[in-house]
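In what follows, a single structure is set out as structure tokens and then discussed.
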Amino acid sequence: MTGIDELRSLESRYTMPTYLRAGVEFVRGEGARLWDSEGKEYLDFFAGLSVHNAGHCHPRIVAAIAEQATAFNGSSNLYLSEPALRLAERLSGSSLGGKVFLCNSGAEASECAIKLARKHARTRGVESPEIVSLDGGFHGRTLGALAATPKLADEGRFGPLPRGFVAVPRDDPGALRAAIGPQTAAVMIEPIQGEAGIFPISDGVLVAAREACDGTGALLILDEVQAGMGRTGTLWAHEQLPVSPDLMTAAKALGGGLPVGAVVTTLELGETFEPGDHGTTFGGGPVAASAALAALDVIDDETLLANVREQGEALMAGLAAIEGVAEVRGRGLMVGLTLADGLDPPSIRDRCLDARLVLNCPGPRALRLLPPLVVSAGEVEEGLSRLGASIST
Ligand code: PLP
């Protein structure tokens, strides 16, 4: 097996320096456990950034991938394919009831939603359609998605960025209402902001968005890329919200570990795109679609979703009781915390890794915990004790 030093030298010689990687290589996973190349076992409270919601290497997903990969690996979107069509049926039936576009990532789902909303606005006669998004929201790193991600939409480094994007404060229903007018194509909201450090959007802001969209004809897009697929204790995060969107985006855990993204519309919006308006080579490929169907089989299960709610409550209560934790936020197993002044989240994340607990630090002050949804009560306790010890050292 190649050692860590040699991997580091391959990394620095051959990969663009876009990531700050820890010096660990994980080579095996099962449920909420990971093993590194030296055979050390870890508790995973990150799930590959909310990708492995069903737990690592869930046998049902592994079997679905192996079976489909052995039989047939796809022929393009110019022919019918049952796994993709069954996946579209399943996504529509479990959420907004309209039509589905399958793609390969969250950013691609954002692009599709933005493009669809712009076309919808153009059809309504809007000449310069605008997308309104919230400060702290994250929708991806391709140019359209980036323009809707205020913190990273840095004109100075990446400009010229696409025009027609407006950002408003996260917690200000009045400012949001004021920003939505006849020119608005869509309001794009991450119902619980993940990359910002887990900030649930208030009901007041969500209702203001829905009402203003209804008043002007704009669309409400909910980005469920991180919050969807059971993460918050229901299959889709919006099931627990006071509003329903016109478009929903999903990705990450949707593919059960393979790259799958999707946009789902309401029934009314299903015909907005026409042939030629949009496409992607790999979207809905049979292996990825079979993995997604198996992931949905595992996650859309009341016993598993009840576990998410139960372990989420235990995790949040346990975190609140740890000395040095100033604030705990989240829903289900999408949990963020702010540490007391004087504690440095990146150092604590590193100490946790040394203590064989994998978690993440999305910003200078926050830690983020996204365990696989199959995490047990014992594993939650174990994680809390490793985190508590890492904070107090
Ligand atoms: N939307 C949200 C809410 C996300 O958290 C992410 C990724 O973290 C994305 C979109 C972009 O997804 P991807 O990295 O698959 O392009």
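Close contacts from the range 35-46, counting a first residue that is loosely packed, with under 15 Cβ neighbours inside 10 Å and a second that is assigned to a strand (DSSP E or B), with Cβ to Cβ under 7 Å and a gap of 6+ residues or different chains, come to E41/R33; E41/W35. Considering every residue within the range 117-126, establish whether at least one is surrounded by 19 or more Cβ atoms within 10 Å (Cβ to Cβ), at pLDDT 95 or above, within 19 Å of the chain's Cα centre (by Cα) and within 16 Å of the ligand (Cβ to nearest atom). Checked against the condition, which is being surrounded by 19 or more Cβ atoms within 10 Å (Cβ to Cβ), at pLDDT 95 or above, within 19 Å of the chain's Cα centre (by Cα) and within 16 Å of the ligand (Cβ to nearest atom), the range 117-126 yields no hits at all.
Yes or no: the range 195-214 includes at least one residue that is of a type in the set (G, A, S), under 13 Å from the mean Cα position of the chain (by Cα) and over 16 Å from F138 (Cβ atoms). Taking every residue of the range 195-214 in turn, none turns out to be of a type in the set (G, A, S), under 13 Å from the mean Cα position of the chain (by Cα) and over 16 Å from F138 (Cβ atoms). Among the residues of the range 299-320, those that are closer than 15 Å to L387 by Cβ and free of Cβ contacts under 8 Å to residues at least 40 places away in the same chain comprise M316, A317, A320.
Taking the range 160-200 as the range and being away from the ligand (no atom under 16 Å from the Cβ) and touching a Lys or Arg at 6+ places or on another chain (Cβ under 7 Å) as the test, only A185 passes. Yes or no: L353 touching a residue at least 12 places away in the same chain (Cβ under 8 Å), in a helix (DSSP H, G or I) and touching a strand residue (DSSP E or B) at 6+ places or on another chain (Cβ under 6 Å)? No: the conditions fail for L353.
If you filter the range 311-333 down to residues that are among the charged types (D, E, K, R) and in contact with a helix residue (DSSP H, G or I) (Cβ under 8 Å, 6 or more places away or on another chain), you find that the one that is nearest to E379 (Cα to Cα) is R331. When A113, A107, A66 are checked against the criterion of being closer than 17 Å to L267 by Cβ and surrounded by 12 or more Cβ atoms within 10 Å (Cβ to Cβ), A113 stands alone in meeting it. For G332, the conditions (1) within 16 Å of the ligand (Cβ to nearest atom); (2) of a type in the set (G, A, S); (3) under 22 Å from G140 (Cα atoms) all hold with the exception of (3). Just one of the numbered conditions (1) closer than 21 Å to L49 by Cα; (2) part of a helix (DSSP H, G or I); (3) not aliphatic (A, V, I, L, M) is not true of G318: (1). Restricting attention to the range 356-387, the residues that are in a loop (DSSP other than H, G, I, E, B) and under 18 Å from the mean Cα position of the chain (by Cα) add up to 9. Of all the residues in the range 137-151, those that are away from the ligand (no atom under 11 Å from the Cβ) and in a loop (DSSP other than H, G, I, E, B) number 2. Taken over the range 249-298, the criterion of being surrounded by fewer than 19 Cβ atoms within 10 Å (Cβ to Cβ), in contact (Cβ under 8 Å) with a residue 24 or more places away in the chain and either on the phi > 0 side of the Ramachandran plot or of a type in the set (G, A, S) (or both) is satisfied by G270, G279.
Is it fair to say L241 is within 16 Å of the ligand (Cβ to nearest atom), over 14 Å from the mean Cα position of the chain (by Cα) and surrounded by fewer than 24 Cβ atoms within 10 Å (Cβ to Cβ)? So L241 fits the description; yes. In the condition set (1) over 30 Å from E67 (Cα atoms); (2) away from the ligand (no atom under 16 Å from the Cβ); (3) under 18 Å from the mean Cα position of the chain (by Cα), V100 is compliant with all but (1).
Candidates V298, V335, V328: the one that is within 20 Å of P372 (Cα to Cα) and in contact with a Ser or Thr (Cβ under 9 Å, 6 or more places away or on another chain) is V328. Taking the criterion of being within 16 Å of the ligand (Cβ to nearest atom), in a loop (DSSP other than H, G, I, E, B) and without any contact (Cβ under 8 Å) to a residue 60 or more places away in the chain, the only residue of the range 127-136 that qualifies is D135. Out of all the residues in the range 201-224, which are outside any loop (DSSP other than H, G, I, E, B), within 16 Å of the ligand (Cβ to nearest atom) and more than 14 Å from P173 (Cα to Cα)? Within the range 201-224, L220, I221, L222, D223 qualify. Annotation note: Cβ proximity below 7 Å between a residue of the range 142-171 that is of a type in the set (V, I, T) and a residue that is buried (at least 18 other Cβ atoms within 10 Å of the Cβ) and modelled with pLDDT under 95 (sequence gap 6+ or interchain) occurs for no pair.
All of R90, R157, R60, R86 fail the test of being away from the ligand (no atom under 14 Å from the Cβ), among the charged types (D, E, K, R), in a helix (DSSP H, G or I) and over 30 Å from L373 (Cβ atoms), apart from R157.
The values are calculated or read from the model by the stated rules, or taken from the named source; none is laboratory data. Bear in mind that the values here come from a model prediction, so they are computed numbers and not experimental data. In this analysis, Cβ positions are derived from the backbone assuming ideal geometry, glycine residues included, and neighbour counts consider all displayed protein chains.
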